[in-house]
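Take a look at the structure set out below.
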Amino acid sequence: MNNLHISLTEMKNESRVLKQTSSIYSSESFENVFVASLWGESLALEEDLDGINLKRFDLKTRNFGNNLVVQLLKYFEFGLSIFSRYRKESIGIITIHSLALLPIGVILKFLYGAKLIYDAHELETEKNGLHGIRKILSKKVEKLLIRFVDHTVVVSKSIERWYKKHYPNSKVTVVFNAPIVKNVQKTTLLRDRFDIQPDTKLYIYQGGLKPGSGVEQILEVFKKTKKNVAVVFMGYGVSEGDIIESSKEHENIYYLPAVAPSEVLSYTSSADIGLSFVEAVCLSYSYCMPNKVFEYLASGLPVIVSDCIDMKSFIQEHDNSIGWYSENFSVSELTRLIEQTSNIDTSTYREQCRKVSEKYKWQHQEKVLLEIYQSMVE
């Protein structure tokens, strides 16, 4: 029996998919673990990821445009290509990594005679930017097809409660998007790369650089801050340009493109405080529990989070011993927190951060994940 994962990304830095497939492959519950994704420029069509077969599909319709008809053609071609490629591979469990793949997942479930796992990387029908007819269709598709899903995996407690409330007959489990933790040592990688002095308090924001993630507010604060503080943005996204331009004009703002998942914690550990100042522009963001929070803690960094429900609750649950939360989402509130923490000796937080990280690390999350898969194999 084999396990097939399907992603609508190009699989360049998809840490959650990579962690899941690696854990499943190592469990030896399946003969093979396959990943099907989209192809992008300069990427290999096929890769061996430590025993996991990654196939990127170069769609013939890829350059046809982006109108609705063409998008449907691309979707149809992607689904047909996956079916053709894996129809003789004895697929026992299909794992889809977004709501958009639910129709393909359900169709393949019946064609292959397989079980279906829906790994929702966020609250899929309440995502930022999902409006109008697209949101209506998303809700209808999920409501119609989730009955065919054998298990739904989510990334936060609030999202778990939401799915259980809206789909009471569904099996739903939280698997936090925490990193693999292996005795992370503090480094000076970022300070060395950007020549940041030891007496400068170094803040880091890592992950998707996009509207709603707090990038704009963080930039505004550090542009005005006169104290001995600096911030590094590490990642990629549509806000890259704004960050790069700001870094040219302000000597305390820096940008580093996304690094390989295996290198993330080494870079993170060279900062002093992590930032996850997400704006609750949608319910998905309000309920988010980003992997960056767990990565900061694994690196021994206390965190500054916004007032989003799950992040704020997480800090409160640990008696504010691993960081600080804002009372509201505003530049003035973030400024207050930066000023409050700029003279704090963060080394005193390191042990507690790592202790909490040890509790949530991927090595524990994978046990929860593998129980789901084992229950379907038996």
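The values are calculated or read from the model by the stated rules, or taken from the named source; none is laboratory data. Note that the structure is a prediction, hence the values are computed from the model and not measured. Note that each Cβ is placed from the backbone with ideal geometry, even for glycine, and that neighbours are counted across all protein chains shown.
Restricting the search to region 212-247, which residues are part of a loop (DSSP other than H, G, I, E, B) and among the aliphatic types (A, V, I, L, M)? Break it down stepwise before answering.
Initially, region 212-247 is screened for residues part of a loop (DSSP other than H, G, I, E, B), giving 212-214, 225-228, 237-239.
Matches in region 212-247: V238 only.
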When both residues are 6+ apart or on different chains and their Cβ atoms are under 8 Å apart, which pairs have a first residue that lies in region 12-30 and is in the same structural domain as P290 (by TED's automatic domain parsing), and a second that is buried (at least 20 other Cβ atoms within 10 Å of the Cβ) and aliphatic (A, V, I, L, M)? none
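Would you call N53 surrounded by 17 or more Cβ atoms within 10 Å (Cβ to Cβ) and either out of contact with any helix residue (DSSP H, G or I) (no Cβ under 9 Å at 6 or more places or on another chain) or assigned to a helix (DSSP H, G or I) (or both)? Show your work before the answer.
On the way: surrounded by 17 or more Cβ atoms within 10 Å (Cβ to Cβ): yes; either out of contact with any helix residue (DSSP H, G or I) (no Cβ under 9 Å at 6 or more places or on another chain) or assigned to a helix (DSSP H, G or I) (or both): yes.
Answer is yes for this residue.
Inspect region 89-96 for any residue being part of a loop (DSSP other than H, G, I, E, B), farther than 30 Å from H166 by Cα and without any contact (Cβ under 8 Å) to a residue 24 or more places away in the chain and give the result as yes or no. If you could, list the steps in order and put the result at the bottom.
In the first step, residues of region 89-96 are kept if they are part of a loop (DSSP other than H, G, I, E, B); the result is 89-90.
Remaining after also requiring farther than 30 Å from H166 by Cα: 89-90.
Right, trim to without any contact (Cβ under 8 Å) to a residue 24 or more places away in the chain and you get none.
No - not one qualifying residue is present in region 89-96.
Could you run through region 38-55 and say how many residues are of a type in the set (S, T, Y) and in contact with an Asp or Glu (Cβ under 6 Å, 6 or more places away or on another chain)?
0
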Quickly run through region 301-342 and pick out the residues that are farther than 24 Å from E122 by Cα and either free of Cβ contacts under 8 Å to residues at least 12 places away in the same chain or not assigned by TED's automatic domain parsing to the domain that holds S286 (or both). D319, N320, S332, E333, R336
Give Y112, Y118 a once-over and let me know the one that is touching a residue at least 24 places away in the same chain (Cβ under 8 Å), of a type in the set (F, W, Y) and more than 18 Å from E160 (Cβ to Cβ). Y112
Take region 22-66 and flag every residue that is among the acidic types (D, E) and touching a Phe, Trp or Tyr at 6+ places or on another chain (Cβ under 8 Å). D50, D58
Considering only region 165-211, how many residues are within 22 Å of M289 (Cα to Cα), charged (D, E, K, R) and not in a loop (DSSP other than H, G, I, E, B)? 1
Within region 104-160, take every residue that is part of a helix (DSSP H, G or I) and under 20 Å from the mean Cα position of the chain (by Cα) and give me the one that is surrounded by the fewest Cβ atoms within 10 Å (Cβ to Cβ). K157
Note on region 69-88: residues in contact (Cβ under 8 Å) with a residue 60 or more places away in the chain and of a type outside the set (F, W, Y) are I82
Return the residue satisfying two criteria in turn: it lies in region 217-235 and is buried (at least 16 other Cβ atoms within 10 Å of the Cβ) and not β-branched (V, I, T), and of such residues it is modelled with the lowest pLDDT. G235
